[in-house]
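Let me begin by presenting the structure, written as structure tokens, before commenting on it.
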Amino acid sequence: MTAQVTTHYLCIGCPLGCRLEVEEEEGGQAEVEVRGFSCRRGRDYALQEHRAPQRMVTTTVAIDHALWPRLPVRSQQPVPRQLVAEICRALRSVRVVAPVTLGDVLVENVLGCGVAIVAARDMAAC
Amino acid sequence: MITAQPRHLRRRYDVVVVGGGPAGLEAAVAAQNAGAAQVLVVDREPEAGGILLQCIHTGFGLHRFGAELTGPEYAQRLVAQAQGVDIVADACVLDVDEQRRVKLMTTASGIATVDAGAVVLAMGARERTRAAARIPGTRPAGIFTAGLAQRLVNLYGLMPGRRAAILGSGDIGLIMARRLVLEGVEVAGVFELMPHANGLNRNIVQCLHDFAIPLYLSTTVVEIHGHERLEKVTVAPVDSTLQPQLAQAWEIPCDTLLLSIGLIPENELSGQLRLRIDPATRGPVVASTMECSRDGVFACGNVVHIHDLVDFVSAEAMLAGTCAGRFATAAPAPADNVRLLPGENVRYCVPHTISTEREQTVYLRTLRPLESCELRLVEAEGNVLYTKRLRYVFPAEMVTLKLRPAILQKFHGGTLRVELVPRAFPGQGDAAEPGFPLPAPDKRPGGEP
Ligand SMILES: Cc1cc2nc3c(=O)[nH]c(=O)nc-3n(C[C@H](O)[C@H](O)[C@H](O)COP(=O)(O)OP(=O)(O)OC[C@H]3O[C@@H](n4cnc5c(N)ncnc54)[C@H](O)[C@@H]3O)c2cc1C
Ligand code: SF4
């Protein structure tokens with residue numbers, strides 16, 4: 001017999017913050033049960049967080065000849081959660097020169113995860 | 001956008017907007033659309049955009065633009081639509097007087113005065129500081145409000161320190177906890193006086209849980225240590241009356257303390273103008289047109305009351321701008337005829353008066369969390385004029401109520417009370433009610449985990 005493993009999540013769907021549980025067999029592939037949700041959104045969220053949590057990356061990079069020394073940037077799509085910290089670390093060595101336009105691609109395929117890092121605003125040269 | 005040179009300001013504008021954050025920019029465009037030909041926005045920062053410029057995370061604009069934007073993206077959309085509005089940056093408004101003369105100062109050309117047909121106050125808010133929280137101890141360097149740290153990190157790339165503790169679990173503190181970790185700063189924990197977190201669950205999960213940052217509820221900073229630089233803070237659990245239990249205190253070594261303990265509307269100018277101020281919101285008393293207690297002076301955004309969503313700031317500012325534009329072009333809206341008062345469980349409601357003739361939106365905040373309750377409009381004699389069922393209300397989340405004129409047509413009195421009445425629980429929805437799903441009791445007090 002294999003043991004049951006329960007993982008806990010806090011639902012972010014609304015301020016009620018239901019406590020969600022996903023139970024599965026140890027080392028098993030399929031979830032046995034999702035508990036604790038009060039609505040469909042919570043159930044979907046628990047499964048998403050359990051299987052493949054995704055996050056948007058937002059940070060800044062250095063910019064020369066601009067109004068501010070930092071340029072805000074974002075990932076064009078969400079990335080796998082476990083990559084967020086590593087992507088931010090990689091972006092610390094990026095340096096761009098003004099002018100920059102919102103949406104400009106600064107890093108095409110960051111850490112090979114298939115997602116681009118783009119400028120989150122215009123910054124004129126000055 | 002036309003960037004006005006301070007030297008070439010006109011003598012008179014139809015509408016002058018003080019503050020170029022989201023509130024000011026939306027109001028300026030709305031004023032122009034309402035017929036005001038000459039509109040000036042004044043901001044003391046080097047560019048318009050307000051606090052959004054440093055809020056680089058996503059979460060803005062779902063209502064306003066139907067897209068999840070970062071703060072700078074939201075700001076850029078507003079600046080782009082402000083074509084034809086004069087914006088003067090690096091200019092601080094010093095005074096607005098009864099004749100609506102606006103005095104402003106710039107480094108480039110000193111002091112200038114412009115006349116305004118109508119004025120819109122959109123100065124935003126400032127952060128509560130250590131003095132407001134009365135934290136005892138020494139006065140070393142290393143203590144920042146969370147928003148200041150956000151500005152240093154996100155606009156200037158300056159790190160406030162190496163190991164930080166954060167007091168207060170408001171969204172700004174949570175977002176800064178993640179931000180610091182991503183920039184290589186160690187975060188010892190977030191300490192929250194109340195038994196529940198103040199920020200969105202989304203931020204609890206994505207800023208704290210994702211990075212294993214502990215959240216200590218019912219815990220506060222009781223002493224600050226260090227001479228030149230902060231060396232450590234003493235934290236202690238609090239009891240149900242919020243009194244620290246010093247016997248159970250412990251120490252957190254850190255060189256940085258961030259305070260995320262709330263925002264206060266920035267109302268120096270309103271005070272100088274002797275506008276009526278609501279002690280609950282700490283912002284001006286406003287009519288349903290967002291007009292303050294002096295003719296032709298309007299207000300919107302965080303200067304009126306603290307908003308949690310910039311999208312609501314936009315909506316309120318469009319109304320203020322439209323009414324200011326109409327006032328300046330001699331078509332003011334008819335006056336209000338009903339006073340709104342906060343009743344049971346309601347901390348405040350805005351606007352302070354409404355009209356039976358128009359559709360309007362009322363914003364209110366609850367005093368405490370309630371699950372399953374009823375929002376009621378009650379007449380002076382106790383008759384309930386209107387009810388709306390709500391699944392839940394939380395102090396950190398503003399409640400909005402759209403009031404159609406039809407609701408008020410049966411009403412002939414002068415005052416309405418806004419109440420939040422629990423439905424399901426006989427225990428009056430007390431936060432300590434067993435079974436009440438409070439967010440994330442991550443860490444209970446009782447010493448180092
Ligand atoms: C750190 C932080 C995080 C946030 N996160 C979110 C989020 O995730 N999602 C969301 O929807 N909302 C968020 N908000 C809320 C939202 O950003 C604010 O509600 C909104 O920016 C308020 O707009 P405002 O125009 O009233 O004020 P502000 O943006 O503060 O603008 C006020 C402007 O007035 C100027 N000013 C003040 N006094 C003067 C003077 N005397 N002369 C000239 N200029 C003056 C200031 O320089 C400033 O530019 C956040 C707020 C903060 C502070
Ligand atoms: S499960 Fe549904 S009700 Fe519960 S927090 Fe999530 S979205 Fe809200």
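Charging the Cβ of each Asp and Glu at -1 and of each Lys and Arg at +1, and nothing else, the dipole of chain B about its Cα centre rounds to 520 debye. Projecting the alpha carbon convex hull of region A:1-54 along each direction and taking the average yields 3.7 nm². Between A and B, buried accessible area from a 1.4 angstrom probe totals roughly 3100 Å², ignoring ligands, DNA and RNA. A viscosity of 1.306 mPa s and a temperature of 10 °C, combined with the Kirkwood radius over Cα pairs in Stokes-Einstein, give a translational diffusion coefficient for the protein assembly as shown of 62 µm²/s. When the square roots of the Cα gyration tensor eigenvalues are ordered a ≥ b ≥ c, the ratio a/c for chain B is 1.5 or more and a/b does not exceed b/c, which makes its shape oblate.
Along the positive direction of the dipole of chain B (beta-carbon charges: Lys, Arg +1; Asp, Glu -1; about the Cα centre), which of B:Ile213, B:Val238, B:Ala30 reaches farthest? Farthest along the dipole direction, towards plus: B:Ala30.
Take B:153-166, B:269-282 and order them by the average number of nearby Cβ atoms within 10 Å per residue, most first; the result is B:153-166, B:269-282.
The magnitude of the dipole of the protein assembly as shown, with charges of +1 and -1 set on the Cβ of Lys/Arg and Asp/Glu and taken from the Cα centre, is near 920 debye.
What the Cβ-Cβ distance of A:Ala90 and B:Arg134 gives, at R0 = 51 Å and to the nearest 0.05, is a FRET efficiency of 0.75.
Accessible surface ranking for B:Leu377, B:Leu9, 1.4 angstrom probe, highest first: B:Leu9, B:Leu377. Fully extending the segment from B:Asp95 to B:Gln81, taken as 0.36 nm per residue of separation minus the present Cα-Cα distance, adds 2.3 nm.
DSSP beta bridges fully contained in chain A are about 90 percent antiparallel. Using alpha-carbon positions, what is the distance between the centroids of region B:50-73 and region A:58-126, in Å? Taking the Cα centre of region A:58-126 as reference, the centre of region B:50-73 is 16 Å away. With heavy atoms of protein chains only and a 1.4 Å probe, what residues of region B:364-403 have at least 30 Å² less accessible area in the full set of chains than alone? Hits at the 30 Å² cut-off: B:Arg391, B:Tyr392, B:Phe394.
Looking at region B:155-286, the DSSP beta bridges with both ends there are about 50 percent antiparallel.
Between B:Arg126 and B:His225, the modelled label-to-label distance comes to 3.2 nm, taking each label 7 Å out from Cα in the direction of the beta carbon. Across chain A, Cα pairs under 8 Å and at least six residues apart give a relative contact order of 19 percent. A 1.4 Å probe run over the protein chains yields, for chain B, 41 Å² of accessible area per residue, whole-number rounding.
Rolling a 1.4 Å probe over the protein heavy atoms gives region A:4-51 an accessible area of 57 Å² per residue.
What percent antiparallel are the DSSP beta bridges of region A:58-119, to the nearest 5? Antiparallel bridges: around 75 percent, rounded to the nearest 5. Residues of region A:46-71 whose accessible area (probe 1.4 Å, heavy atoms of protein chains only) drops by at least 10 Å² once all protein chains are present, relative to their chain alone: A:Arg55, A:Met56, A:Thr58, A:Thr59, A:Thr60, A:Leu67, A:Trp68, A:Pro69, A:Arg70. Across region B:390-416, the residues whose backbone nitrogen lies under 19 Å from the label position 7 Å along the beta-carbon direction of B:Ala380 are B:408-416. Our coupling estimate for region A:10-23, obtained by passing each phi through the Karplus curve with A = 6.51, B = -1.76, C = 1.60 and θ = phi - 60°, is 9, 6, 9, x, 7, x, 5, x, 4, 8, 9, 10, 10, 10 Hz, Gly and Pro reported as x. Taken per residue, the accessible surface of region A:58-119 reaches 46 Å², heavy atoms only and a 1.4 Å probe.
Across the protein chains, with a 1.4 Å probe defining accessible surface, the residues B:Glu344, A:Glu26 rank A:Glu26, B:Glu344 from largest area downward.
Take every pair of alpha-carbon atoms less than 8 Å apart whose residues are at least six positions apart; their mean separation over the length of region A:58-119 yields a relative contact order of 38 percent. Using R0 = 45 Å, the C-beta based FRET efficiency linking B:Ile264 and A:Gln29 works out to 0.25. Couplings 3J(HN,Hα) of region B:182-187, computed from phi: 5, 9, x, 8, 7, 10 Hz, in residue order, whole Hz [Karplus 6.51 cos²θ - 1.76 cosθ + 1.60, θ = phi - 60°; x for Gly and Pro]. The calculated FRET efficiency for the pair A:Val105 and B:Ala37, based on their C-beta separation and a Förster distance of 41 Å, comes to about 0.50.
Both radii are taken from the alpha-carbon atoms of region B:338-422; with Rh as the Kirkwood radius, Rg/Rh is 0.94.
Full extension of the segment from B:Leu158 to B:Ala331, taken as 0.36 nm per residue of separation minus the current Cα-Cα distance, would add 57.3 nm. Return, ordered by residue number, the residues of region B:353-394 whose backbone nitrogen is under 19 Å from a label point located 7 Å along Cα→Cβ of A:Cys39. Those under the cut-off are B:369-375, B:388-394.
Put the Cα centre of region B:322-359 next to the Cα centre of region B:377-407 and the gap is 16 Å.
Here the protein assembly as shown exposes an accessible surface that is 50 percent carbon and sulfur, computed with a 1.4 Å probe and the other protein chains kept in place. Across chain B, the mean sequence separation of Cα contacts (distance under 8 Å, 6 or more residues apart), normalised by length, yields a relative contact order of 16 percent. Oblate is the label for region B:129-261, because the ratio a/c of its alpha-carbon gyration tensor axes (a ≥ b ≥ c) is 1.5 or higher and a/b is not greater than b/c.
The values are calculated or read from the model by the stated rules, or taken from the named source; none is laboratory data. Because the structure is predicted, anything quoted here is derived from the model rather than measured. All Cβ positions, even for glycine, are placed from backbone atoms using ideal geometry, and neighbour counts span all protein chains on display. We work out accessible area using only protein heavy atoms, side chains counted, and drop any ligands, DNA or RNA first. Shrake-Rupley method; radii C 1.70, N 1.55, O 1.52, S 1.80 Å.
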